[in-house]
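Heads up: the structure comes next, in structure tokens.
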Amino acid sequence: MRRSTPGFVAYRDALKLPKALTVHSARHSYVTHLTEDGVDRRFLQQQVGHENDSSTAIYTHVSDDFMNTMLHRALAPALAPFPANKGR
């Protein structure tokens, strides 16, 4: 069961922010933004108190641009054209 956060709710409501904005959604945003900024995953895992990295991974909701950039970076070496054979 999640703890009530009356102070957060009062501020959110006073600022007329969406009810969907919760402490938990802010926690997800924190992890996501730090992930996109390249912060070490182990650090993030410790920050949110997760025992397993897989739990922290579930928290991240990175943008499509970020996912495409990381995928391109990971695959680029395998997809790079072979250097021309000189001397043939």
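Laid out as a table, the results:
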| quantity | calculated |
| --- | --- |
| Residue match in the range 33-47 (condition: farther than 17 Å from Met70 by Cα, surrounded by fewer than 14 Cβ atoms within 10 Å (Cβ to Cβ) and polar (S, T, N, Q)) | yes |
| Candidate set: the range 21-60, residues that are acidic (Asp, Glu) and at pLDDT below 90; chosen: the one nearest to the chain's Cα centre (by Cα) | Glu36 |
| When residues of the range 15-32 are limited to those that are in contact with a helix residue (DSSP H, G or I) (Cβ under 6 Å, 6 or more places away or on another chain) and part of a helix (DSSP H, G or I), the one surrounded by the most Cβ atoms within 10 Å (Cβ to Cβ) | Val31 |
| Extreme residue, surrounded by the fewest Cβ atoms within 10 Å (Cβ to Cβ), among residues of the range 58-71 that are in a helix (DSSP H, G or I) and touching a helix residue (DSSP H, G or I) at 6+ places or on another chain (Cβ under 8 Å) | Phe66 |
| Lys86 being surrounded by fewer than 10 Cβ atoms within 10 Å (Cβ to Cβ) and at pLDDT 90 or above | no |
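The values are calculated or read from the model by the stated rules, or taken from the named source; none is laboratory data. It should be emphasised that the depicted structure is a prediction, and the values quoted were computed from it without experimental measurement. Counting neighbours? That spans all protein chains shown, and the Cβs are built from the backbone with ideal geometry, glycine included.
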